[in-house]
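Trainee: I have a structure I would like to understand better, so I am pasting it below and will then ask my questions one at a time.
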Amino acid sequence: MKYSSPLTILTTLLLLHETLYSTMADQKFIENTCKGTPSPNLCLKILLANPKSQNSDLTDLALIGVAAVEDKGLETIRQIVALKRSRPKLKPTLNYCEKAYHAVVYADVPSSNEALRGGLAKFAEDGMADSAVESQACERSFREHGWVSPMTDSNKVMNDVANVVRAIIRMLL
Amino acid sequence: MRSQTSPDVENPTRTSLLDADYGYVPTLDPTLPPQPQETRQQPSKPILLLISGLLAIGLLVALIVGNVHIETHDNDVPSPERRNPIEQGVSEKSFGLPGDVPPFSWTDEILAWQAPVFHFTPGKNWMNGPVFYKGWYHLFYQYSPAAPVWGLIVWGHAVSRDMVHWRHLPIAMETDEWYDVNGVWTGSTTILPNNELVVLYTGSTNDSVQVQNLAYPANPSDPLLVNWVKDPANPVLVPPKWINKKDFRDPTTAWLTPEGKWRMVIGTKVNKTGIAILYDTDDFKSYELQDTWLHQVDGTGMWECVDFFPVSKEDDGLDTGVIGPDIKHVLKASMDDDRCDYYAIGNYNPKTGKWVPDNAKIDVGIGLRYDYGIYYASKTFYDQNKKRRVLWSWIKETDSENSDIKKGWASLMAVPRTVALDPLTGSNLLQWPIEELDKIRSDLNEFDEIKLEPGSLVPLDVGPTSQLDIMVEFELDKKITNGLSVAAGVPYNCAGHGGAGVRDAFGPFGLLVLANQNLTEHTPTYFYIVKDKKGVYSTFFCIDQSRSSIAKDVDKSIYGSTVPVLEGEKLSMRILVDHSIVEGYAQGGRTCITSRVYPTEAIYDNAQLFLFNNATNITVTASLKTWKMGLMTKNESGWVWLGPSLILVVVFFFVVWTWQNQRKNRS
């Protein structure tokens, strides 16, 4: 087959056009989904960071979101472990936060994944709602004990990401 | 995982001492020479003495620890007195939080208090389909063994003679087939005319498709139904092509149609319309989808746990499938969208297979709810033993997952409630805790005609208040009572009113449960009456969690709804308090609210009970009865020790007698 034959070129162009079109359609789908969340830009950042989002339905997008919560949770746990060494005075509160983020990563995330795969999205919503609660509880516990929180950014990100994913999951109900 | 809440009374707590070897020596034959027996069989005397001594000490300890009643309420609390309303402050600040709230952390002690005592809790669980079979009530519940969070679900199993005292049995069904490897989900039991029992349940397959499977008891003559067999023909029903493979679950109990077929209902959805579809079967193995749907309601989303049963004004309980001229049918569904259980009363035509609501304005999913608090995935079953219909529901936690992991459990069942058509209104159901719960009442306290003027707060001295059954009646000005009517067109909205601290002309007034002395934590259960522009009064019944705890990571919603009050009726509520769960029933169960509360200070001895009237314009007279509720509280375990104590006494004396005998024989 000659690569320069008109037929080949036409087919290739058509294929490219199709791919472009469907990518644009996927992009539109992702954008519309994110518009329904409290932080559309954050939502786009999370979803587009994963190449699989291009071929995803709503459940898959939600699963990508839950994976982002998991990643952020693990990152925050690592941060807490480091803070325990550098800020030993904050240890009791940091211990509480560590448990809170453990609940997120080892209870809420697996539960949400299982629920999304099984079609019982409401349990996934509960899992994401709780993830936000845990991050807020951690942040508050510093204030309540009279400390300035060293993790405000992380807690805020977790809260925001969890709320975005929760909003995506609600669209499944 | 936390061990079960209370020892099973049918199997009093076994002590390990009973399993020990007491060194029993058989009676000696006097004709045989003593020497060989002595060296061969007789244990040494010091050891015997030691064992007897230990037994005696153990017996003594058991008797003391078990039988002494430990006084738990503070003897310094004064007898009920009215606090000066002006002192208390006739303003919202009466119930406000003080300015500086101390820092708070969940301790094990605070978390341990939360475990309920007379509600069903096997650990981490979701619920399922109860049934009465061969003298036992069976509860099969959705159980997540791995963690106090939803996950891989199996069927937990417990049995009871009275639905109050439970015996836990092994897991009934595991995720051991490809068609339920991702979850053994909700199902229903149908009892066939020959008293055979079949179960149809939803399995989540290895591809997460929702299918219906058939199972039956491995041994039908086993009243405990311990072992189950899954039919090799499973799955017997797969989702029709026109609905989503993950929107097909929770089959109902089946009933016989006039054509002699078994009919059951499954809830599902098409776009945003919730629907209930019908299947007919002869053998529970092959099914015909009926062309007409039982019912549908636009905009309600997925219908889970559909329930369908007959009611009538004459009968308190009817078996599924009963039809007749005076029979109405209740259609109920759990709305996936908003996590609430809705029901509607209407008429079912067995020939057409259609059900039509009496009032389309309060159709399924948009009208009445079984319960206006936390109450989901409920199911009824017909109790042929006592000819009543009983309702069970799953009550989840509303605290943080972190707390659930710490305390080791999550979720419980509400108390079983009888459900029947309200004979007076005909337009709503009545729910009431089953009468068997009356058996675990004790320590009655009665208060007659306590006058509550505007701004009153009256502490009630009833002893410990974490486990209470309270029945209270309020009498108001006749003018108002006569004006109360069945609420029509008023939105069900306690949350909109703002809670018990917001004062109105005619409310709120009621009880404060799980309240500490300075009221930094309290849970009001109350009525408030609202008069609309036409002068029509509506009565709201609410439970307010906004000040139930100083902890910030717990739900603080205000739940409730309007409640129909008929002319001349006093306002009445029954409140069941069981640690972190509070259930309220207004007007004999016309409106019910289940609440989860997680106080940090109003616990153990600090939990108190108050009457209050925060209305500005009416004086209310309250009469109430309170009972302590309990299966085995820490202080009432005395009689459980009686059995083992007696056995220890007998053994002790036997050992001593044997020893004495040996001494006699040798000397």
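Trainee: Straight-line reach only, C-alpha to C-alpha below 19 angstrom: list the aspartates and glutamates that residue A:91 could link to, leaving out same-chain residues fewer than 8 apart.
Mentor: A:75, A:134, A:139, A:144, A:153, B:108
Trainee: Turning to a different aspect of this structure: What are the residues whose amide H is under 5 Å from the amide H of residue B:311, where those residues sit 5 or more places off or on another chain and H is modelled from the backbone?
Mentor: Result for residue B:311 returns B:328, B:329, B:330.
Trainee: While we're here: Considering every residue in B:146-157, what mean count of other chain Cβ atoms within 10 Å of its Cβ is obtained?
Mentor: On the way: counts 3, 5, 2, 12, 14, 7, 4, 3, 0, 0, 0, 0.
The shielding value for this peptide is 4.
Trainee: Next up: Karplus couplings for the range B:202-219 from phi (6.51 cos²θ - 1.76 cosθ + 1.60, θ = phi - 60°), rounded to Hz, Gly and Pro as x?
Mentor: Computed from phi, the couplings for the range B:202-219 are 8, x, 9, 6, 5, 9, 6, 8, 8, 10, 9, 10, 9, 9, 8, x, 5, 9 Hz.
Trainee: For the residues B:404, A:160, what sequence is obtained by ranking on other C-beta atoms within 10 Å, fewest first?
Mentor: On the way: B:404 23, A:160 19.
With the fewest neighbours first, B:404, A:160 line up as A:160, B:404.
Trainee: Sticking with this one: Straight-line reach from residue B:313: which lysines fall under 19 Å, measuring Cα to Cα and dropping same-chain residues less than 8 apart?
Mentor: Correct list for residue B:313: B:328, B:332, B:386, B:387.
Trainee: May I ask you to evaluate 6.51 cos²θ - 1.76 cosθ + 1.60, the Karplus curve with θ = phi - 60°, for each residue of the range B:393-400 and list the ³J(HN,Hα) values in order in whole Hz, giving x for glycine and proline?
Mentor: Taking θ as phi minus 60°, the curve returns 8, 8, 10, 8, 7, 10, 10, 7 Hz for the range B:393-400.
Trainee: Sticking with this one: What list of ³J(HN,Hα) couplings, whole Hz, do you get for the range B:325-337 from phi and the Karplus terms 6.51, -1.76, 1.60, once you set θ to phi - 60° and write x for glycine and proline?
Mentor: x, 9, 8, 9, 10, 9, 10, 10, 8, 8, 8, 4, 4
Trainee: Here is a further query. Between residue A:85 and residue B:493, how many nm apart are label points set 7 Å from Cα along the C-beta direction?
Mentor: 5.6
Trainee: Shielding of A:137-149 by partners, i.e. mean partner chain Cβ atoms within 10 Å per residue? Display every interim value, and only then the final one.
Mentor: Values: counts 8, 2, 0, 4, 5, 1, 1, 6, 3, 1, 0, 0, 0.
That average works out to 2.
Trainee: Among A:35, A:45, A:72, determine the one that fluctuates most according to a GNM of chain A built with springs between C-alpha atoms less than 10 Å apart.
Mentor: In the Gaussian network model the winner is A:45.
Trainee: Here's another thing I want to ask about it. Report the trypsin sites (Lys or Arg not before Pro) located in the range A:127-173 that are in a DSSP loop and have at most 13 other Cβ atoms inside 10 Å of their Cβ, or state none.
Mentor: Within the range A:127-173, no trypsin sites (Lys or Arg not before Pro) qualify (loop, at most 13 other Cβ atoms within 10 Å).
Trainee: Using the crude model of +1 on Lys and Arg Cβ and -1 on Asp and Glu Cβ, and no other charge, please compute the dipole size for chain A relative to its Cα centre, in debye to 20.
Mentor: 560
Trainee: To the nearest whole number, what is the average tally of beta carbon atoms from other chains within 10 Å of the beta carbons of peptide A:106-116?
Mentor: Whole-number average of other-chain Cβ neighbours for A:106-116 is 5.
Trainee: Please compute, for the alpha-carbon atoms of the range B:123-225, the extent along each of the three principal axes and give them in descending order in Å.
Mentor: Per principal axis, max minus min of the Cα coordinates gives 38, 30, 17 Å.
Trainee: Measure of size requested: the Rg and Dmax of the range A:1-125, with Cα atoms as the atom set and Å as the unit; please supply both.
Mentor: Rg then Dmax for the range A:1-125, in Å: 21.4, 74.
Trainee: How do B:497, B:138 line up, fewest other C-beta atoms within 10 Å first? Display every interim value, and only then the final one.
Mentor: Numbers: B:497 18, B:138 23.
Fewest-to-most ranking of B:497, B:138: B:497, B:138.
Trainee: Run down the lysines and flag those whose C-alpha is under 22 Å from the C-alpha of residue A:45, throwing out any fewer than 8 positions away in its chain.
Mentor: A:28, A:35, A:72, A:156
The numbers here are math on the coordinates, done by the rules we state, and not lab data. As the structure is a computational prediction, the values presented were derived from the model and not from experiment. Because the Cβ atoms are built from the backbone with ideal geometry, glycine has one as well, and the counts that use them run over all protein chains shown.
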